[in-house]
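The values are calculated or read from the model by the stated rules, or taken from the named source; none is laboratory data. Note that this is a predicted model, so its numbers are computed, not measured. Glycine also receives a Cβ, built like all others from the backbone with ideal geometry; neighbour counts cover every protein chain displayed. Side chains are part of the model used for accessible areas, which takes the heavy atoms of the whole protein and leaves out ligands, DNA and RNA. Shrake-Rupley method; radii C 1.70, N 1.55, O 1.52, S 1.80 Å.
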Amino acid sequence: MFCVDDVSEASLVHKEDPYAAVILKKCRETHCHFCFNELPADAISCASCSIPLYCSDWCQIQAGAPKFDKSSNSFSGLEGLADDLKNYMSDVVLEGASTLDTGHIAEHRHECHGFHWPLILPSEVVLAGRILVKVIKQNRRASADSNLVGFLDLSHNYLQLPPESKLEMHIYSIILLQCLQHFYRTELPISGIMVSKPVILLSQIQVNSMAVVRMQAPEVKGPIYEPGNALTSNLEQVKVGQAVYVAGSFFNHSCQPNIHTYFLSRTLHVQATEYVLAGSELELSYGPQVGQWDCKDRQRLLEDRYSYTCQCTGCSELNVSDLVINAYRCTKLNCLGVTLDRTVTTCEKEKLKLLIDAPTVYSKQVEKLKDANIAEVACHVFESDYKLEPQHCLVCDSYRDLEASCAAISQTVSCCKRLQDAIASNEVPTNILLDAVKCTDLLRTIFHPYNKRIAEVEDNLAQAFCLVGELQAAIDHCKASIQILEKLYGVNHIVIGNELIKLASLQILVGDSAASGSISRISAILSRYYGSHADEIYPYLRHLKGRQDAD
């Protein structure tokens with residue numbers, strides 16, 4: 001997917017409703033089965049099978065779930081009631097429903113009969129059934145043959161799948177066709193040729209479907225100045241649904257994306273996170289990003305999940321994040337050079353080889369790396385004849401015994417785990433907190449200062465100190481974590497915005513005037529990723545601003 005014209009930062013570049021969507025099983029009792037928003041206390045269920053739950057009459061009707069209407073058949077169990085009472089009941093049930101749009105193809109109606117197979121089969125199989133039914137109904141409306149060959153112009157990875165995965169898909173295909181026989185026996189006869197079509201569809205779903213997500217943060221209650229009321233827990237994206245967006249599927253992946261996706265109800269929104277020149281490809285992240293994992297781990301996940309080797313800029317060019325994210329520090333105290341283990345070295349050698357084999361590209365890359373301050377951690381990579389070696393500092397070539405370093409690190413694992421368990425229980429004993437501080441000091445003598453493990457430990461300490469009421473210490477550790485993450489992700493990444501929410505919450509609690517600057521920076525970052533919908537997607541940001549106003 002390429003942009004025809006220049007695209008400004010924070011511009012909405014695409015908006016699309018799903019071709020088909022389904023709620024994930026873990027969210028069946030908590031989220032609406034049509035719009036995927038959280039269910040109210042008075043949720044509405046399907047009048048026939050009672051399986052789907054909806055937040056409103058609108059969602060129930062849009063999904064095609066059987067509902068009460070004014071016909072006597074809808075009240076067959078209430079024959080003893082007077083007609084005027086039946087009409088009154090139907091008016092109450094259908095209040096406001098007469099204006100709803102029911103012209104689209106209902107997605108639940110074919111699931112609402114006999115045994116409850118949508119409860120049993122995996123979500124992607126139920127999604128495949130909804131796609132098959134939609135194609136059939138579209139063909140009926142167009143008076144066309146129900147030819148299911150190539151009905152979605154999407155890529156698939158069937159040929160790359162292992163035999164056991166192929167067998168599983170064939171079994172699910174047969175089961176799905178059998179489940180659909182009640183409504184579509186003519187269009188979906190069970191035969192060898194027909195079985196192959198849902199198989200390909202399942203492999204298309206595997207590599208093209210998107211997870212519909214919602215932001216989740218802990219509920220905030222109580223006085224605004226109560227230490228335990230700070231927003232120091234991690235903000236998480238929770239997967240609530242799975243959907244196929246036909247046009248959205250044409251956006252390729254990059255570990256350094258220039259666009260960001262978010263969802264309002266079930267509608268996909270794609271927004272540019274940086275200025276993109278006309279003719280450039282618009283790329284989103286399928287999951288792993290630079291700063292989140294190192295190159296080898298990102299490529300392994302993409303290979304396993306999507307059956308391809310990533311060759312994006314983040315995986316083909318040297319970058320600071322991949323060099324430092326899992327690196328060890330130099331044995332010389334005043335040297336910021338990184339020391340890499342063998343697995344990371346092998347991956348980075350491949351990048352160097354690609355650059356050296358293309359002198360023009362290498363020259364441009366060197367200038368780019370200098371701008372990124374990579375020289376302070378790996379100045380030797382600028383040398384065209386440099387041979388990258390594990391366990392040697394990339395600045396001063398000092399040697400570090402990584403076997404001994406790993407043995408020392410292993411001693412801190414149980415200490416860090418005890419701290420995390422204490423945080424989860426909302427009660428942090430003094431001895432556990434002091435031990436964690438000592439472990440952090442030890443880790444800083446082994447890991448590189450920009451290693452992500454250090455950032456994670458600092459974040460845990462910030463939460464722990466907040467729980468025990470030592471807010472200034474919590475702020476200091478929160479800032480230390482953010483400083484590392486800015487090296488890994490960049491200063492304007494959404495991850496930094498999420499971490500700044502924690503910092504601003506603490507700053508407000510202690511009356512720090514810097515809170516206003518943190519909140520302004522949060523708003524700028526969130527607007528870059530979510531535009532005018534930032535407050536809607538981040539409801540706790542409104543709470544944070546409210547606390548600042550109260551202060």
Problem - Theoretical FRET efficiency, 1/(1+(r/R0)^6), r = Cβ-Cβ of GLN472 and ASP5, R0 41 Å, to 0.05 - result: 0.25
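Which length gain, in nm to one decimal place, applies between THR309 and HIS170 when the Cα-Cα distance is subtracted from 0.36 nm times their residue separation? Before the final figure, lay out each step's value.
On the way: separation 139, 0.36 × 139 = 50.04 nm, distance 2.62 nm.
So the extension gain works out to 47.4 nm.
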Completion exercise
For TRP293 the rounded accessible area (nearest 10 Å², probe 1.4 Å, non-protein molecules ignored) is 100 Å²
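Give the calculated FRET efficiency between ASP397 and ARG140 to the nearest 0.05, with a Förster radius of 51 Å applied to their Cβ-Cβ distance.
With a Förster radius of 51 Å, E is 0.10.
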Completion exercise
Using a 1.4 Å probe on heavy atoms of the protein chains only, the accessible area for CYS27 in Å², nearest 10, reads 10 Å²
Practice task
Specify the inter-centroid distance of region 464-500 and region 394-425, based on alpha-carbon positions, in whole Å.
Solution key: 20 Å
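Note the full-extension length gain between ASN431 and LEU333 as 0.36 nm times their separation in residues minus their Cα-Cα distance, in nm to one decimal.
32.4 nm
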Completion exercise
Expected field for LYS134, accessible surface area in Å² at 1.4 Å probe radius, rounded to 10, holds 50 Å²
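Dipole size in debye (nearest 20) for region 392-495 around its Cα centre, Lys and Arg Cβ +1, Asp and Glu Cβ -1?
The calculated dipole for region 392-495 is roughly 120 debye.
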Exercise for the section: Take the alpha-carbon centre of region 10-48, take the same for region 299-347, and report the distance between them in whole Å. Expected result: 38 Å
